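A quick write-up on the structure given underneath.
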Amino acid sequence: MTTNLKPILARLAVGETLSAGDAEDAFGIIMSGEATPAQIAGLLMAMRVRGETVAELTGAVRAMRTRMTAVEAPDGAMDVCGTGGDNAGTLNVSTAVTFVLAGLGVPVAKHGNRALSSRTGGADVLTALGVNVDVPLDRLPGVLRAANCAFLFAPRHHAALRHAAGPRVELGTRTIFNLLGPLANPARVKRQLTGVFDAKWARPMAETLGELGTERCWMVHGEGLDELTVAGTNSVVELNHGTIRSFTVSPEDAGLPRSPVSAIRGGEAAINAAALGALLRGAAGPYRDTVLLNTAAALIVSGRVDDLREGVAEAAASIDGGAALAALETLRRETA
C-alpha cells in the first residue's frame with residue numbers, strides 16, 4: 001500500500017489515470033489525515049480537469065466504505081437519494097419517496113445530508129418534521145426495523161471525510177467527492193434509485209456500483225434535476241445483475257400528466273416540511289405526481305413491480321391508505 005501521495009500526484013500531473021487499487025490507496029491517505037491540504041486539492045483538481053474514471057471512483061468508494069461507520073440493514077433494504085448539485089431548489093422528493101416505500105414494506109436506508117446545493121436537504125426537512133436525525137448510531141438498526149426506514153446522516157457515518165472538507169470548500173467547485181456519497185451507503189444496500197446532477201455521470205456511477213457488488217440500480221437525470229421529473233424526458237441507466245442498459249422515461253409512461261419544474265419549487269425547511277406533510281395526507285398536484293413517478297421507479301429496482309404504471313398504483317395506495325404517513329409517524333416516535 002502506498003503511504004505517500006507525492007508519487008501519485010506526479011502521475012496525475014502528466015495526465016495518467018489511477019487503477020482502483022492506487023485510487024484506494026490515495027483516498028486512504030487523505031481519509032487517514034496523512035495528506036496536506038495542498039496535496040488534497042491538487043489530487044482533486046487533477047482528476048476533475050482530466051475527468052474521473054470508473055476505476056478511480058471504485059477505489060475511492062472502497063476507501064470510504066472501509067472507514068465508514070456501517071449500519072446493519074434487513075435483506076432487501078434500498079436507498080433513494082441524489083448527488084445534489086442540480087441547484088434547482090425543489091421540494092424534497094427522495095425523502096417523500098422514502099415514506100411511500102416504507103409504507104409498502106420496502107425498507108429504506110436513506111443516506112443524506114443537510115442542504116449543500118439546495119435550500120433544504122433531507123436532514124433539514126426531517127428535522128422540521130420532528131424526526132431526530134442525530135439518534136444514537138447503535139439505535140439505527142432498530143429504527144429501520146420498526147419504521148421500515150431510517151435516515152443515515154452522512155457526516156456521522158463518514159467522519160474520515162473531514163480531512164478533505166477544507167480543501168473542498170476552498171476549491172469551491174465540483175470534485176470527485178460530489179459523486180461518492182450515493183455510492184457509499186452505510187447500510188451497504190444492494191439496490192438503489194440515485195439521481196445524478198449531470199446525465200453524463202449516470203453510466204460511470206452505475207458501472208462503479210457494479211464493480212462494488214450492487215445488484216440493481218437506476219441512475220436517473222430529468223430535465224436538469226437529480227431525480228425523475230414529470231416536466232419532460234428522463235435519462236436512465238440501469239444496472240441489473242451485471243447488465244447495464246440506457247433508456248428514457250416520460251411521465252406518460254407512468255400514466256402521469258406533465259408539469260413544469262417550477263411547480264415543485266421549494267423553500268426553507270418549514271415550507272418543504274409542510275408540503276411533504278400535505279403530500280402524505282393526500283394532497284394532489286405536481287409534487288405528488290413527481291413522488292409517484294420516483295416511487296414507481298424505486299419499486300422496479302426493489303423487484304416489487306415490473307412497470308411504472310403498476311408502481312404508481314402501489315405508491316398511490318401507500319399514500320391514500322395512510323401507510324406512508326404512518327411510516328413518518330413511526331420514524332418520528334422511534335427517533336425521539
Practice item. Determine whether L209 is assigned to a helix (DSSP H, G or I), touching a helix residue (DSSP H, G or I) at 6+ places or on another chain (Cβ under 7 Å) and surrounded by 24 or more Cβ atoms within 10 Å (Cβ to Cβ). Key: yes
Exercise for review: Identify the residue in region 232-259 that is aliphatic (A, V, I, L, M) and assigned to a strand (DSSP E or B) and, among all such residues, is surrounded by the fewest Cβ atoms within 10 Å (Cβ to Cβ).
Suggested key: I244
Review point. So which residues in region 136-177 are farther than 20 Å from D75 by Cβ and among the small types (G, A, S)?
Key: A154, A159, A160, A164, A165, G166, G172
Check your understanding: Can you list the helices (runs of 4 or more DSSP H) found entirely within region 40-149 that contain at least 1 residues being surrounded by fewer than 24 Cβ atoms within 10 Å (Cβ to Cβ) and at pLDDT 95 or above?
Key -> 54-67, 122-128, 140-147
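Suppose the filter is in the same structural domain as L328 (by TED's automatic domain parsing), under 26 Å from R203 (Cα atoms) and touching a Cys at 6+ places or on another chain (Cβ under 7 Å); does T90 pass it? It would help to see each step written out before you state the result.
Details: in the same structural domain as L328 (by TED's automatic domain parsing): yes; under 26 Å from R203 (Cα atoms): yes; touching a Cys at 6+ places or on another chain (Cβ under 7 Å): no.
No: the conditions fail for T90.
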Study note, to complete from the structure: Note on region 1-39: residues acidic (D, E) and either in contact with a Ser or Thr (Cβ under 8 Å, 6 or more places away or on another chain) or assigned to a helix (DSSP H, G or I) (or both) are D22, E24, D25, E34
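The values are calculated or read from the model by the stated rules, or taken from the named source; none is laboratory data. Everything quoted here is computed from the prediction, not taken from an experiment. Neighbour counts run over all protein chains shown; Cβ positions are idealised from the backbone, glycine included.
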